[in-house]
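*Asks:* Quick one: structure below, then a few questions.
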Amino acid sequence: MTEFDAASAAVQAAVDAGARYADARVMQRTYESMSARNGEIEELTQHESIGLGVRALVGSSWGFYAVPDLSDAAARDAGRR
């Protein structure tokens, strides 16, 4: 599933659940870390994370929900919360 597909599924799930308006945002971050002692590199790590946030207007109230992965089930679940 692409990032666009996950965001589209979340928005559609929110609209299907009764939201008058919904939008979704995908955020991807890459972290790098290095530790050194006495000029020698001891550890070098790299980590990447990706998540999805959904904002929805239901009645006259705004809601927001986020999930830390882009699986199809997580995207649909984000739209229903």
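The values are calculated or read from the model by the stated rules, or taken from the named source; none is laboratory data. Here the structure is a predicted model, which is why all the values come from computation and not from measurement. For neighbour counting, all protein chains shown are included, and Cβ atoms are generated from backbone atoms with ideal geometry for every residue, glycine included. With ligands, DNA and RNA removed, areas are computed over all heavy atoms of the protein, side chains included. Shrake-Rupley method; radii C 1.70, N 1.55, O 1.52, S 1.80 Å.
*Asks:* Where the only charges are on Cβ atoms (+1 Lys, Arg; -1 Asp, Glu), what is the dipole of the chain about its Cα centre, to the nearest 20 debye?
*Replies:* I would put it at about 580 debye.
*Asks:* Turning to a different aspect of this structure: Among 13, 35, 68, which residue has its Cα positioned farthest towards the positive end of the charge dipole of the chain, with +1 placed on the Cβ of Lys and Arg, -1 on the Cβ of Asp and Glu, and the dipole taken about the Cα centre?
*Replies:* Sorting the options by dipole projection puts first 13.
*Asks:* What is the chain's relative contact order, in percent, from Cα pairs under 8 angstrom and six or more apart in sequence?
*Replies:* Rounded, it is 37 percent for the chain.
*Asks:* Between residue 62 and residue 3, what length in nm is gained on full extension when 0.36 nm per residue of separation is reduced by their alpha carbon distance?
*Replies:* 18.9 nm
*Asks:* Now a separate question. What net charge do the residues around residue 46 carry, taking every other residue with its C-beta under 13 Å from that of residue 46, with Lys and Arg at +1 and Asp and Glu at -1?
*Replies:* Summing Lys and Arg as +1 and Asp and Glu as -1 gives -2.
*Asks:* For the chain, what is the accessible area per residue in Å² when the probe is 1.4 Å?
*Replies:* 71
*Asks:* Order these peptides, 24-37, 3-16, by their mean beta-carbon neighbour count within 10 angstrom, highest first.
*Replies:* Per-residue Cβ counts within 10 Å, averaged per peptide and sorted highest first, yield 3-16, 24-37.
*Asks:* Further question on the same structure: Over the alpha carbons of the chain, what is the largest minus smallest coordinate on each principal axis, giving the biggest first in Å?
*Replies:* The Cα atoms of the chain stretch 61, 26, 14 Å along the principal axes, largest first.
*Asks:* Against the longest alpha carbon principal axis of the chain, how many degrees, from 0 to 90 and to the nearest 10, is the axis of helix 3-16 turned?
*Replies:* That works out to roughly 30 degrees.
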